[in-house]
Amino acid sequence: MTGLERKSPATATVRQEVEERGYALLKSYRANSSGEEVASELGKVLTLGEGSPVHRLRPTPKDDAAPNSYSGIYGLDVFPFHTDMAHWRHPPRFIMLRCVVGFEEVPTLLADGAEIVREADEDALARALVQPRRPVKGRLPLLRIFQPSESFGIIRWDDKFFRPASRAGEHGVESFRAALGTVSKHSIALVERGDTVVIDNRRMLHARSPVPPGCEGRILERAYLEQLH
Ligand SMILES: [Fe+2]
């Protein structure tokens with residue numbers, strides 16, 4: 001059997017959709033399979049340290065969360081648009097989010113970084129360097145908001161944890177922020193068990209809607225994928 005034959009039609013479609021529009025949504029996808037099984041069926045799973053590469057995400061009130069985390073800052077309020085692991089030189093390429101317990105009222109929002117780059121001042125972005133507000137492993141690396149490449153490049157965006165590293169950085173951040181405000185947003189509600197979205201984390205920004213009373217039981221599984229099959 002060749003590698004090609006082993007791929008189910010779903011995985012090839014997912015890869016194509018993600019390439020074209022930055023994400024793919026699979027409704028009630030293999031609802032009875034584990035997050036680990038589905039993640040490794042879809043792509044090459046990135047392992048981060050010990051334990052399962054699939055993490056369970058639950059809404060957490062501010063006081064119960066680590067102070068430096070999104071939950072510690074925003075609690076059950078809206079999480080602003082960002083890319084994951086933006087401080088890494090090579091942030092994880094894809095994010096898989098999968099519904100265990102879902103609510104229509106708490107969609108994940110997506111914004112297309114390719115559109116933002118088109119809207120923003122390209123020169124300002126190219127020169128814009130940012131750095132983490134606090135050292136990462138004792139270092140404050142200088143990073144670009146947008147690092148173009150032949151295929152597309154890498155967008156990193158985390159307004160809360162980054163600050164501009166120079167005047168040009170300030171200009172770039174302002175231009176990016178303004179463009180983010182104007183582009184259309186995609187609302188993805190993971191509601192049924194197995195609803196799964198795969199997001200290109202180097203192109204798309206994501207955000208979480210606020211969690212209204214009664215929806216605190218939301219549970220998503222998250223895995224990072226280095227590539228899609
Ligand atoms: Fe995130």
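FYI, it's all coordinate maths here, none of it is from the lab. Everything numeric here is computed off the predicted structure, so don't read it as measured data. Using ideal geometry, Cβ is built from the backbone for each residue, glycine included, and neighbour counts are taken over all protein chains shown.
When Rg is the radius of gyration of the Cα atoms in region 40-104 and Rh is its Kirkwood radius, what does Rg/Rh come to? Walk me through the numbers on the way to the answer.
Details: Rg = 13.7 Å, Rh = 14.1 Å.
Using Cα coordinates only, the ratio equals 0.97.
Give the Kirkwood hydrodynamic radius (Å, one decimal) of region 68-204, defined as one over the mean of 1/r across all pairs of different Cα atoms.
Details: mean 1/r = 0.0632 Å⁻¹.
One over the average 1/r among Cα pairs gives 15.8 Å for region 68-204.
Could you compute the net charge surrounding GLY102? Neighbours are other residues with a C-beta less than 14 Å from the C-beta of GLY102; K and R count +1, D and E count -1.
Numbers: positive: LYS27, ARG56, ARG58, ARG98, ARG193, ARG208, ARG218, ARG222; negative: GLU104, GLU105, GLU192, ASP195, GLU216, GLU221.
Summing Lys and Arg as +1 and Asp and Glu as -1 gives +2.
Could you state the principal axis extents of the C-alpha atoms in the chain, from the largest down, to the nearest angstrom?
Its Cα atoms span 52, 47, 36 Å along the three principal axes.
Would you calculate the separation in nanometres between label points at ARG118 and ALA207, each defined as 7 Å from the Cα along the Cα-to-beta-carbon direction?
2.0
On average, how much area does the Cα convex hull of region 133-229 cover when viewed from any direction, in nm²?
Result: 9.4 nm².
Just to be sure I understand the model, the point goes 7 Å from the Cα along the line to the Cβ. What's the resulting ARG58 to GLU19 distance in nm?
4.0
In region 79-178, which chymotrypsin sites (Phe, Trp or Tyr not before Pro) are in a loop and have at most 14 other Cβ atoms within 10 Å, using DSSP for the loop call?
Details: sites: PHE81, TRP88, PHE94, PHE103, PHE146, PHE152, TRP157, PHE161, PHE162, PHE176; in loops: TRP88, PHE103, PHE152, TRP157, PHE161.
When the chymotrypsin sites (Phe, Trp or Tyr not before Pro) of region 79-178 are filtered for loop state and at most 14 Cβ neighbours within 10 Å, TRP88 remain.
Over the Cα atoms of region 12-74, what Rg and Dmax result, in angstrom?
My reading of the Cα-based Rg and Dmax gives 15.4, 43 Å.
Given R₀ = 22 Å, FRET efficiency for SER151-THR47 by Cβ-Cβ distance, to 0.05?
Working: r = 25 Å, r/R0 = 1.12.
After rounding, the FRET efficiency stands at 0.35.
Take the Cβ-Cβ distance between ILE188 and GLU226 as r, set R0 to 22 Å, and report the resulting FRET efficiency rounded to the nearest 0.05. Show your work: numbers first, answer last.
Details: r = 22 Å, r/R0 = 1.01.
The pair ILE188/GLU226 has a calculated efficiency of 0.50.
Relative contact order for region 36-183: what percent, with Cα pairs under 8 Å and sequence separation of 6 or more?
Working: 175 pairs, mean separation 31.6, N = 148.
Value for region 36-183: 21 percent.
Counting each DSSP H run of 4 or more residues in the chain as -39500 (n - 2.57), what helix-only mean residue ellipticity at 222 nm follows after dividing by all residues, to the nearest 500 deg cm²/dmol?
Details: 7 runs with 59 residues, N = 229.
Value at 222 nm, helices only, nearest 500: -7000 deg cm²/dmol.
Go through region 14-74 and name the GluC sites (Glu not before Pro) that are in a DSSP coil and have 16 or fewer other Cβ atoms within 10 Å of their Cβ. Provide the component values of the computation, followed by the final result.
On the way: sites: GLU17, GLU19, GLU20, GLU36, GLU37, GLU41, GLU50; in loops: GLU50.
Sites meeting the loop and neighbour criteria: GLU50.
Would you tally the net charge around HIS90, using a Cβ to Cβ cut-off of less than 11 Å, leaving HIS90 out, and scoring K and R as +1, D and E as -1?
That works out to +3.
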